[in-house]
Structure formats: C-alpha cells, structure tokens
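Worksheet for the structure shown next.
The values are calculated or read from the model by the stated rules, or taken from the named source; none is laboratory data. Every value quoted in this text rests on a predicted model; they were computed, and no experiment measured them. Please note: Cβ atoms are built from the backbone with ideal geometry, for glycine as well, and neighbour counts cover all protein chains shown. These accessible areas exclude ligands, DNA and RNA; they are computed on the full protein's heavy atoms, side chains included. Shrake-Rupley method; radii C 1.70, N 1.55, O 1.52, S 1.80 Å.
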Amino acid sequence: SQQGEEDPQALSIQEGENATMNCSYKTSINNLQWYRQNSGRGLVHLILIRSNEREKHSGRLRVTLDTSKKSSSLLITASRAADTASYFCATDGGGSYIPTFGRGTSLIVHP
Amino acid sequence: KAGVTQTPRYLIKTRGQQVTLSCSPISGHRSVSWYQQTPGQGLQFLFEYFSETQRNKGNFPGRFSGRQFSNSRSEMNVSTLELGDSALYLCASSSQGNNSPLHFGNGTRLTVT
C-alpha cells in the first residue's frame with residue numbers, strides 16, 4: 001500500500017508559472033524525499049527533507065514539511081517546459097527505512 | 001561516475017517463461033533495491049540487497065527472487081511469468097540504503113504476452 005499520496009494527480013501550467021504539488025502520508029517518518037521521473041525513464045532524486053526540518057531549497061525547488069499535518073509540498077518556481085515530468089514523494093516509516101512511493105503528480109508545462 | 005545501468009532495456013516474454021534482469025549500481029554503492037512500476041499499482045518495492053544479503057523484502061510472491069554479487073551487481077529473476085508481471089522494473093542503488101537517496105537506472109520494460 002502507498003504511504004504517501006500526491007495531490008493533484010495532474011497539473012497543467014504555462015511556462016514561467018509556479019507549480020505546487022502536495023504529499024500526504026499516514027505514519028510518522030524519519031525523512032521524506034521528492035523524485036522526478038521523465039516519461040519511460042528512471043526516477044531522479046530531487047530533495048530529501050528530514051523530520052526535524054521544516055523547509056529546504058534547491059535551486060528553483062522549495063520543499064516544506066509539516067509533521068503535525070503529515071504533509072509536504074514541493075514548489076517549482078518559474079517553471080520551464082523541461083520540468084514536464086511526474087513527481088513522486090517517498091517516505092520511510094512504519095518501522096522501515098525503505099522509501100515507499102506515492103502514485104505521483106503528472107506535471108505538464110506548456111511553452 | 002557512471003550511473004546505474006540496467007539491462008536489457010526491453011524484454012518480451014511469453015506466459016510461463018522465466019526472465020533475468022540485471023543491474024549495475026554506481027561504483028561504491030553497496031545497497032541495491034528493486035521496484036516494480038505499473039500504471040495501476042504505481043511503484044512497488046520488491047527487495048533490497050546489501051553486501052550480498054537480502055536485507056528487506058516487499059510483498060511479492062516467491063516467483064520473484066534476486067541476488068547480489070560481490071561486486072554489488074544485482075540480478076532479479078521472475079519465474080513462471082504471468083500477464084500481470086508486465087511492468088517497468090527499476091533498480092536503484094545507494095551508498096548505505098538507510099535514509100540515503102536512491103539513484104535509479106532507466107529500467108527494464110518487461111512485456112508478457
């Protein structure tokens with residue numbers, strides 16, 4: 001079963017706009033990770049945020065974590081057509097460090 | 001460093017056959033994990049190997065097995081293939097496995113007819 005679930009399932013925006021994706025999970029975690037997957041390819045690690053962190057930045061990416069609400073968000077600022085991909089959150093938890101992935105958010109950025 | 005390499009890239013097999021997939025991790029990475037990705041179930045964890053030992057196992061039938069060699073390369077085997085085994089099989093390596101980011105290969109696309 002999925003630990004994390006992303007929302008929305010699909011997102012379509014114009015180049016230059018910001019994209020926000022959310023992830024909710026069920027059990028307490030040690031860390032939460034975000035990955036990107038281009039069509040037919042493997043996943044690429046974006047950011048890891050630990051349970052004692054509230055916000056993390058990497059380039060145009062900003063991740064927040066609210067452990068009280070068991071949720072995280074990924075913000076991509078000034079999106080580009082090349083950001084078109086599926087985005088997954090992955091959480092450990094339930095006594096295991098094995099990352100469990102949600103079903104992903106499909107992001108389309110129109111040029 | 002070279003990335004995670006998975007071979008073959010595509011496979012077509014018939015029901016009842018068996019298949020072996022191969023994964024070469026990033027040099028120095030000792031943990032190798034396998035995931036099955038399907039449109040219906042998403043990414044499902046199969047198993048993780050560390051230093052030639054299976055350290056974690058997902059909820060898959062015994063037809064799914066794997067192993068890791070002393071050079072950290074890993075193989076997974078699926079016997080008695082079923083139509084539902086059609087999926088993208090992803091291998092990921094990490095330095096320790098424990099709370100370390102995963103580095104994925106581009107996967108093997110298996111089609112069972």
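Here the alpha carbons of chain B define both size measures, Rg and Dmax, at 13.1, 38 Å. Using the Karplus relation 6.51 cos²θ - 1.76 cosθ + 1.60 with θ = phi - 60°, the per-residue 3J(HN,Hα) values for the stretch A:18-23 come to 8, 10, 10, 10, 10, 9 Hz, with x marking Gly and Pro. Rg and Dmax over the alpha-carbon atoms of the protein assembly as shown stand at 17.4, 50 Å.
The stretch A:1-67: which chymotrypsin sites (Phe, Trp or Tyr not before Pro) are DSSP loop and have at most 12 other beta-carbon atoms within 10 angstrom? Those that pass, being in a loop and sparsely packed, number zero. Remark: mean inter-chain Cβ contacts per residue of B:54-60 equal 1, using a 10 Å Cβ-Cβ cutoff to other protein chain atoms.
Using a Gaussian network for chain B with springs between C-alpha atoms less than 10 Å apart, which of these wobbles most: B:R30, B:R67, B:R15? Evaluated over chain B, the most mobile residue of the options is B:R15.
Cross-link partners of A:K56 among lysines, defined as those whose alpha carbon lies under 24 angstrom from its own and excluding same-chain residues fewer than eight positions apart: A:K26, A:K69, A:K70. When the other protein chains are added to the chain by itself, burial of at least 40 square angstrom of heavy-atom accessible area (probe 1.4 Å, ligands and nucleic acids ignored) affects these residues of the stretch B:88-110: B:N99, B:P101, B:L102, B:F104, B:N106. Across chain A, Cα-Cα pairs more than 25 Å apart make up 15 percent of the total. Averaging the sequence gap over all C-alpha pairs within less than 8 Å and six or more residues apart, then dividing by the number of residues, gives the stretch A:20-111 a relative contact order of 32 percent. The H on the amide N of B:G42, modeled in the peptide plane, is under 5 Å from the matching H of no residue at least 5 residues off or on a different chain.
Partner shielding of A:43-51 amounts to 3, given as the average count of beta-carbon atoms from other chains within 10 Å of each residue beta-carbon. Among the GluC sites (Glu not before Pro) found in the stretch B:40-95, those both in a DSSP coil and sparsely packed, with 14 or fewer other Cβ atoms within 10 Å of their Cβ, are B:E52, B:E82. Shielding value for B:35-42 is 3, the average number of Cβ atoms from other chains within 10 Å of each residue's Cβ. Given axes a ≥ b ≥ c from the Cα gyration tensor, I'd like to know whether the stretch B:1-57 is rounded (a/c under 1.5), prolate (a/b larger than b/c) or oblate. Prolate, because a/c is 1.5 or more and a/b exceeds b/c. With the alpha-carbon atoms of the stretch B:64-113 aligned to their principal axes, the span from lowest to highest coordinate is 37, 21, 15 Å, starting with the largest. The alpha carbon centroids of the stretch A:1-57 and the stretch B:1-45 are separated by 22 Å.
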